[in-house]
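Worksheet for the structure shown next.
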Amino acid sequence: MRERKVAEGIEGKRMLGIDEAAKYLGLGKVVTRAWMDEIGATRKFGRRVLFDKQIIDRALDQSAQ
């Protein structure tokens, strides 16, 4: 049930939490977090860590070429 809720909320968002980013990419949380740091998509707001979906999409587009 939680996975369905996470998947439904991704479309209109720019910033994603770790659960949403992992689901969006189809990867585990550890791999997702490492890749987010590598591509520069990690954004920190105080203690909260979010990931920029536009940067993720750009990195995916570049890796497909």
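The values are calculated or read from the model by the stated rules, or taken from the named source; none is laboratory data. What you are looking at is a predicted structure, and each value in this text was computed from that prediction instead of being measured. SASA here: full protein model, heavy atoms, side chains in, ligands and nucleic acids out. Shrake-Rupley method; radii C 1.70, N 1.55, O 1.52, S 1.80 Å.
Among the helices (runs of 4 or more DSSP H) confined wholly to the chain, which include 2 or more residues that are open to solvent by 40 Å² or more (accessible area, probe 1.4 Å), of a type in the set (K, R) and modelled with pLDDT of 95 or more?
In the chain, 29-39 are the helices (runs of 4 or more DSSP H) which contain 2 or more residues that are open to solvent by 40 Å² or more (accessible area, probe 1.4 Å), of a type in the set (K, R) and modelled with pLDDT of 95 or more.
Just give me the residues in the stretch 33-65 being among the hydroxyl-bearing types (S, T, Y) and within 9 Å of the chain's Cα centre (by Cα), in sequence order.
Within the stretch 33-65, T42 is the sole residue that qualifies.
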